[in-house]
Amino acid sequence: QVQLVESGGGLVQAGGSLRLSCAASRSIYDINAMGWYRQAPGKQRELVAAITSGGSTNYADSVKGRFTISRDTAKNTVYLQMNSLKPEDTAVYYCKATSWGMDYWGKGTLVTVSS
């Protein structure tokens with residue numbers, strides 16, 4: 001089992017940057033995959049970016065070239081660097097970990113991008 005706590009959300013102007021952090025309660029070294037998802041008001045939750053235990057990454061088309069996912073196994077933390085933010089990036093961002101076939105979710109952090 002693993003608990004996840006997101007941080008780093010906030011209000012930013014369009015074109016600005018934020019870095020989200022997802023701190024895990026235990027080592028992430030053997031967690032199969034971790035990812036960032038987001039859910040905007042009235043919309044379904046969608047994958048933003050994911051990283052596997054081997055370091056492979058994938059991104060939603062809407063964020064490619066602007067967002068970067070990374071992890072620090074020494075700190076048990078996954079990051080999402082978000083640059084060139086747009087109003088349509090406004091959402092609650094959730095961290096997810098997949099380990100031994102089980103999914104674990106954080107409670108989310110709100111990102112608001114003003115135009």
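The values are calculated or read from the model by the stated rules, or taken from the named source; none is laboratory data. Because the structure is predicted, anything quoted here is derived from the model rather than measured. Here the Cβ is made from the backbone with ideal geometry for all residues, glycine too, and neighbour counts use every protein chain on show. In case anyone asks, the SASA skips ligands and DNA or RNA and just uses the protein heavy atoms, side chains included. Shrake-Rupley method; radii C 1.70, N 1.55, O 1.52, S 1.80 Å.
Among the numbered criteria (1) open to solvent by less than 30 Å² (accessible area, probe 1.4 Å); (2) closer than 23 Å to residue 1 by Cβ, which single criterion is violated by residue 85?
Every condition holds for residue 85 apart from (2).
Return a yes/no flag: does the stretch 105-115 have any residue that is touching a Pro at 6+ places or on another chain (Cβ under 8 Å), open to solvent by less than 50 Å² (accessible area, probe 1.4 Å) and within 15 Å of residue 18 (Cβ to Cβ).
Within the stretch 105-115, one or more residues are touching a Pro at 6+ places or on another chain (Cβ under 8 Å), open to solvent by less than 50 Å² (accessible area, probe 1.4 Å) and within 15 Å of residue 18 (Cβ to Cβ).
Going by the structure shown, is residue 78 aliphatic (A, V, I, L, M) and in a strand (DSSP E or B)?
Details: aliphatic (A, V, I, L, M): yes; in a strand (DSSP E or B): yes.
Here the answer is yes, as residue 78 does meet what is asked.
What are the pairs with Cβ atoms under 9 angstrom where one residue, in the stretch 1-18, is polar (S, T, N, Q) and the other, located anywhere, is surrounded by 16 or more Cβ atoms within 10 Å (Cβ to Cβ) and part of a loop (DSSP other than H, G, I, E, B)? Sequence gap at least six, or different chains.
3/106; 13/85; 17/85
Given the criteria within 29 Å of residue 14 (Cβ to Cβ), assigned to a strand (DSSP E or B) and without any contact (Cβ under 8 Å) to a residue 24 or more places away in the chain, does residue 112 qualify?
On the way: within 29 Å of residue 14 (Cβ to Cβ): yes; assigned to a strand (DSSP E or B): yes; without any contact (Cβ under 8 Å) to a residue 24 or more places away in the chain: no.
So residue 112 does not fit the description; no.
Kindly provide the set of residues from the stretch 81-109 that are in a loop (DSSP other than H, G, I, E, B), of a type outside the set (A, V, I, L, M) and touching a Gly at 6+ places or on another chain (Cβ under 7 Å), ordered by number.
Hit for the stretch 81-109 is 84, nothing else.
Condition test on residue 97, is it under 11 Å from the mean Cα position of the chain (by Cα), crowded, with 17+ Cβ neighbours inside 10 Å and over 16 Å from residue 110 (Cα atoms)?
Numbers: under 11 Å from the mean Cα position of the chain (by Cα): yes; crowded, with 17+ Cβ neighbours inside 10 Å: yes; over 16 Å from residue 110 (Cα atoms): yes.
Judged against the criteria, residue 97 is a match.
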